[in-house]
Each structure stands twice: as C-alpha cells, then as structure tokens.
Amino acid sequence: MVALMFPEDSAPRRGQLCEQYRPNSWADVIGQDKALARIEALRPRGLAGRAWWISGQSGTGKTTIARLLAREVADEFGTEEIDAEGLSAARVVDLERQSATRCIGKGGRAFIVNEAHGLRKPTVRQLLNTLEADRIPLHVIWIFTTTTDGEQMLLDGCEDSAPLLSRCATLALSRRDLSGPFADRIIEICAKEKLGAPTVAQAVKLLQAHKNNLRAALQAVESGAFL
C-alpha cells in the first residue's frame, strides 16, 4: 500500500475531496502499476518530444497521470488543458507554432487534450501532421485522455483515429484489482477528514456501487456515506 501524503498545515481546506487529495507525485498514484512501469521504461528516452494517449475507466487516474506527465516537462503557466470538442484544426496549427519557442521556467510546453473521443475529423487529420515524431520539439509534450468506451467510439467513427493513436505512447489504465488500494485510500481520507470509520469491506462495497470510480466514491464519502 502506498502511503497517502496529506498537507502539513492544519488550516481548514476547501474543495471537493477528489481534488483535495489528488496525487501530487508519482509515489501517490495507486492501482496503476503497469502504466507507471511503462512511463518509467520510456523515461530514459525522454517523456517529452512525444504524444501520449491515456485511456481508462472514469475515476481511475487519467487526469492525474496526465497532469503529472505535464509537470515533468512544463510549469503550470506552460501547461494548457483543452477540451477536445473545442480543439479545431486551426488551433492545433497555432499550438504547433507556439511550440517552436520555449516557455519560461522549466522551458517546456504541455498540451493536455481531455475527452479526446470528442476530436473532430479535421482536427484529427491536422494532428496526424503535428504529431509526426520529427515535428514535436523535445521540450513539448502532448497528452490525450479518454474513456475506454470513448476511445472505441472514436476508432469506430473516424478512419484516421487509428493512425493518430499510432503516433502516441499509449497507456491503457487498469480496470481490475482497484478495489483494494482504492478502499485503503478512502479509509485514510475518512480518518483524516473525520467522515466516518468504514471497514475495508464497507469501502469496497461503496466502490463496487460506483464501478471503482474513485472520484464518484469520494463524492459519496463527502456527502456522508459513512456518517
């Protein structure tokens, strides 16, 4: 079990539990050992200078892993999160132009495209050019996130989507064996926030009710599921 790191200060904290306790380091990521091992295998060749495609069930860590990857390359002001449906082909060209120059701070630029199954066909065609290996500068990282079902929908609906995925390092997040580590995290958070004292069995049952979506389960905890 990976130890959960809590903020050191004792001041009241606000915001949803899922954001308050979102992992801030790779050591805090739980249940996705295979994905983390793939990242470590590619690290010697560089995490930037490439595109990543992260797919998985909702609430299993896609956004967390995307942001941690981005943080390896760029500072917050060098990172841009974009909803796929709002990403046009012209915007991709603009982002590629921006990529020609380094950002201040770490020097890198990171583009996170969320809900990538919402990409439109003209955008996908432009990305096929932009994401050619020799066109992504070594200080730039592109990261796409999508649900497993959404990925299949994109593959079925756009003939250029398979070539798009072939230009990315793919991370298929695990859907199995999550209830144990996720239950441990829920128990730790409940203890820290005084939101009840569930047993492992109770935490697992809650997770099962939410199909191992940790975000949804934490929302239930925040609403008093164990009080």
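Derivation of every value follows stated rules applied to the coordinates shown; laboratory data play no part. In this text the structure is predicted, and so the values were computed from the model without any measurement. Note that each Cβ is placed from the backbone with ideal geometry, even for glycine, and that neighbours are counted across all protein chains shown.
One table, with the values for the structure above:
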{"read-out": "Residues of region 44-88 with amide N under 16 Å of a point placed 7 Å along Cα→Cβ from Met153", "value": "55-59, 83-87"}
{"read-out": "Three-way shape label, region 92-179, alpha-carbon gyration tensor, a/c 1.5", "value": "oblate"}
{"read-out": "P(r), alpha carbons of region 146-227 - 5 Å bins starting at zero, rounded %", "value": "3, 14, 21, 16, 9, 10, 10, 8, 6, 2, 0"}
{"read-out": "P(r) of region 71-134 over all Cα-Cα pairs, binned every 5 Å from zero, in whole percent", "value": "4, 18, 26, 25, 18, 8, 1"}
{"read-out": "Förster-model FRET efficiency, 30 Å R0, Phe226 and Ser174, C-beta, rounded to 0.05", "value": "0.70"}
{"read-out": "Mean Cα-pair separation over length for region 89-146, i.e. relative contact order, pairs under 8 Å, 6 or more apart, %", "value": "52 percent"}
{"read-out": "Shape of region 26-172, Cα gyration tensor, a/c cut at 1.5", "value": "oblate"}
{"read-out": "Above-threshold pairs, the threshold being 26 Å between Cα atoms, out of Lys34/Lys192; Lys34/Lys106; Lys62/Lys205", "value": "Lys34/Lys192; Lys34/Lys106"}
{"read-out": "Label-point gap, in nm, between Val93 and Leu165 - each point 7 angstrom along Cα→Cβ", "value": "2.9 nm"}
{"read-out": "Distance between region 14-58 and region 77-131 - C-alpha centres, whole angstrom", "value": "19 Å"}
{"read-out": "Cβ-Cβ FRET estimate between Arg120 and Gln20, R0 fixed at 41 Å, reported to 0.05", "value": "0.75"}
{"read-out": "Relative contact order (percent, whole number), the chain, Cα cutoff 8 Å, 6+ residue spacing", "value": "27 percent"}
{"read-out": "Arg102-Lys211 pseudo-label distance in nm [points 7 Å out on the Cα-to-Cβ vector]", "value": "4.5 nm"}
